[in-house]
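Data first, discussion second: the structure below is written as structure tokens.
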Amino acid sequence: MFTNILVPFDGSSTAERALRLAIGMAGQEHAKLTLFYVLNENVAMGDMQMAPPSLYRSHLEGLRRRGNEVLEQARIIASSAGVEPRLILCETAVRRAAEAICEEATKGYDVVVIGTHGRRGLQKLVLGSDAEAVSRTCIIPVILVPGASTSALASSYDTSTQTLPSPQEAEPLILPPARPDHGMLLSKALKLRCSTRIFDARPLQPQALSDLLWSAFGVNRANGDRTAPYWRHVMAIDIYVATAEGTWVYEPGEHRLLPWGKEDIRASTGTQDFVGVAPVNLIYVAHGERMMELSKEERRLYASVDAAFIGQNVYLFCASEGLGCVFRGALDATALGRLLRLPEGQFVTFAQTVGFAPA
Ligand SMILES: Cc1cc2nc3c(=O)[nH]c(=O)nc-3n(C[C@H](O)[C@H](O)[C@H](O)COP(=O)(O)O)c2cc1C
């Protein structure tokens with residue numbers, strides 16, 4: 001029935017629901033699928049209109065990069081379901097997103113599939129009430145896909161506004177006890193596991209951080225062993241926890257956070273823009289000096305494997321709890337190691353961003 005489907009996509013969880021519906025339709029009917037991201041310069045730049053031209057240009061460039069990342073994330077979702085979409089980043093200075101979408105819809109499509117609650121507030125990008133305007137003014141059929149609190153990305157942690165305190169000099173923060181019996185069936189979590197690269201700034205409450213870190217690399221046996229395997233019983237990985245309030249180091253034995261510093265170093269933990277927005281970036285730091293009889297290359301290899309096991313625990317925890325995350329190698333490990341003031345022998349392996357998907 002449909003041969004050419006248009007999906008306006010802004011990266012919100014509701015847009016993702018619309019996308020998944022459209023992927024199903026495209027797959028069944030061998031239809032073409034186009035993903036459409038609207039960057040409205042006037043809306044998105046807000047106060048930046050007054051900024052010096054060079055700053056304005058670099059901010060706009062950042063928004064374009066973000067738009068392309070959002071589209072790329074959608075492309076990965078579609079490709080993994082066997083549908084190769086066309087991607088369009090539509091820049092406009094004057095038109096509302098709804099106008100841009102309806103104009104695109106005149107170009108040979110036969111249906112628009114759109115989520116009804118997009119991002120608002122600071123991000124000010126596209127959908128939201130625009131979906132309603134699209135349904136009123138578009139010349140082709142429009143399928144509205146409502147947001148739902150039962151979305152795969154809805155989280156039980158979402159309701160709390162409690163945040164972490166700032167790290168104080170030499171004051172460890174005892175985390176609330178982790179809840180190992182929390183969460184969904186492993187098979188369901190495996191089904192939902194994926195990388196996400198769009199986050200909003202809502203903080204992770206202490207209970208969420210406690211459950212996250214315990215799942216990542218907490219103690220799960222009386223002998224002190226952990227939820228992830230590690231090379232030859234050498235505790236080679238420390239998890240640094242970079243938040244807006246400051247940076248901590250996880251101490252699994254006492255299930256507590258040791259203060260590292262009050263600085264917000266999130267933006268320095270990777271090369272992608274979202275790392276400075278998401279509430280938590282975990283940095284997996286290896287104690288190379290403890291892996292004694294190994295060559296430098298072997299230390300990197302084994303430490304990376306240790307970090308990857310932790311990373312998969314984090315992926316599954318996030319899938320189970322409706323959080324987003326992505327394991328990351330796109331970082332400047334040397335600069336980050338210097339920033340973290342790592343002693344001789346220690347090095348940064350990978351990082352992992354964790355947070356809420358935009359509502
Ligand atoms: C070793 C490794 C490094 C990665 N580095 C990055 C990265 O720097 N940035 C990023 O966005 N994703 C990164 N990823 C995530 C992959 O892109 C992602 O897992 C892959 O596209 C498959 O998607 P999925 O996780 O949703 O299944 C990395 C994954 C691995 C295993």
Filter the stretch 95-134 for residues that are at pLDDT 80 or above and part of a loop (DSSP other than H, G, I, E, B) and give the result. ARG96, THR106, LYS107, GLY108, TYR109, ASP110, THR116
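Of the residues that make up the stretch 320-339, is at least one more than 29 Å from ARG65 (Cβ to Cβ) and surrounded by fewer than 24 Cβ atoms within 10 Å (Cβ to Cβ)? Show your work before the answer.
In the first step, residues of the stretch 320-339 are kept if they are more than 29 Å from ARG65 (Cβ to Cβ); the result is 320.
Going one step further and asking which of them are surrounded by fewer than 24 Cβ atoms within 10 Å (Cβ to Cβ), we end up with 320.
Yes, the stretch 320-339 has at least one match.
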Top-ranked residue in the stretch 31-56 [being modelled with pLDDT of 90 or more and not hydrophobic (A, V, I, L, M, F, W, C); ranked as surrounded by the fewest Cβ atoms within 10 Å (Cβ to Cβ)]: LYS32
Those residues of the stretch 78-110 that are surrounded by fewer than 20 Cβ atoms within 10 Å (Cβ to Cβ) and either within 15 Å of the ligand (Cβ to nearest atom) or not assigned by TED's automatic domain parsing to the domain that holds LEU21 (or both) come to a total of 4
Checking ALA308 against (1) over 14 Å from the mean Cα position of the chain (by Cα); (2) within 16 Å of the ligand (Cβ to nearest atom); (3) surrounded by 19 or more Cβ atoms within 10 Å (Cβ to Cβ): exactly one of these is not met. Which one? (3)
Got a sec? Which of GLY311, GLY270 is farther than 22 Å from GLY218 by Cα and of a type outside the set (S, T, N, Q)? GLY270
Considering every residue within the stretch 140-152, establish whether at least one is modelled with pLDDT of 65 or more, outside any loop (DSSP other than H, G, I, E, B) and crowded, with 18+ Cβ neighbours inside 10 Å. yes
Per the list (1) modelled with pLDDT under 95; (2) farther than 19 Å from SER215 by Cβ; (3) buried (at least 18 other Cβ atoms within 10 Å of the Cβ); (4) more than 16 Å from the ligand (Cβ to nearest atom), residue check on LEU342 breaks on (1)
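The values are calculated or read from the model by the stated rules, or taken from the named source; none is laboratory data. Everything numeric in this text was worked out from a predicted model, so none of it was measured. Glycine also receives a Cβ, built like all others from the backbone with ideal geometry; neighbour counts cover every protein chain displayed.
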